[in-house]
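Have a look at this one before I ask anything.
The values are calculated or read from the model by the stated rules, or taken from the named source; none is laboratory data. Keep in mind the model is a prediction, meaning the values are calculated, not measured. Quick reminder, even Gly has a Cβ in these numbers, built from the backbone with ideal geometry, and neighbours come from all protein chains shown. When the accessible area is computed, the model is the full protein with side chains, heavy atoms only, and any ligands, DNA or RNA have been set aside. Shrake-Rupley method; radii C 1.70, N 1.55, O 1.52, S 1.80 Å.
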Amino acid sequence: MASTTETIRLGPLDHGRRMTLEEFLDAEETPGYRYELARGVVEVVEVPNDDHGQIVCNIYRAIARHDVEHPGRILRYGGASEFRLWLPTMVSGRNPDAAVVISGTAKGADGRRPASLAFEVVSSGAEARERDYRTKREEYLAYGLQEYWIVDPLERRITVLIRNGDSWVERPFTETQTAEGLVLPGFRVPVADLFARAAADEGQGGAAPGA
């Protein structure tokens, strides 16, 4: 008699649950939250609030302007619903706030062209800051990203990490400066522009209620 396996349905109470990558891939997700797998542990956070979303929208606008001004360099870009960066060896799966695939990027073993550049907007709370500044820094390097932008509304700064072999070169930019990297030549963004119309103390990004 054929055996059946019950589908796991993830919800906010699953924050901190241990899972394999295969279990996480097969699981259904209760709407209204964002789910990531971090070193074999499920992380559940609330859907970003307006201020967080405004900063992500500002990032999209900056990428779109560059795409118009430098046609052909960007193949596609999008956010957490379009990109999930899998790291099987680390048992992790991440959804960056924004990511960019560069034209000419070869397809990977999964048949998809990997992102070269990713952005994360840092949410308040020690756990969220640790995730974006340290954990994802390590994971995105292992994934193969060429560049990682950490956008911090609380500190009003952007940290651009540029790959140099097996390590990152860190370039910090304050609110009075213009941030730039190397993956997209000519992509220069006034730091203050990314925080326009967003409050400095956007209080989102901790574990989901009840987690």
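Among the residues of the stretch 173-190, count how many are in a strand (DSSP E or B) and either touching a residue at least 60 places away in the same chain (Cβ under 8 Å) or surrounded by 14 or more Cβ atoms within 10 Å (Cβ to Cβ) (or both).
Number of matching residues: 5.
Are there any strands (runs of 3 or more DSSP E) wholly within the stretch 96-171 with 3 or more residues that are in contact with a helix residue (DSSP H, G or I) (Cβ under 7 Å, 6 or more places away or on another chain), and if so which?
The qualifying strands (runs of 3 or more DSSP E) are 117-121, 147-152, 157-164.
Taking the stretch 124-148, which residues are of a type in the set (S, T, N, Q) and open to solvent by less than 60 Å² (accessible area, probe 1.4 Å)?
Hits for the stretch 124-148 are Ser124, Thr135.
Ok, one more. Going by the structure shown, is Gly53 under 15 Å from the mean Cα position of the chain (by Cα), under 18 Å from Ala115 (Cα atoms) and free of Cβ contacts under 8 Å to residues at least 24 places away in the same chain?
Against the criterion (under 15 Å from the mean Cα position of the chain (by Cα), under 18 Å from Ala115 (Cα atoms) and free of Cβ contacts under 8 Å to residues at least 24 places away in the same chain), Gly53 does not qualify.
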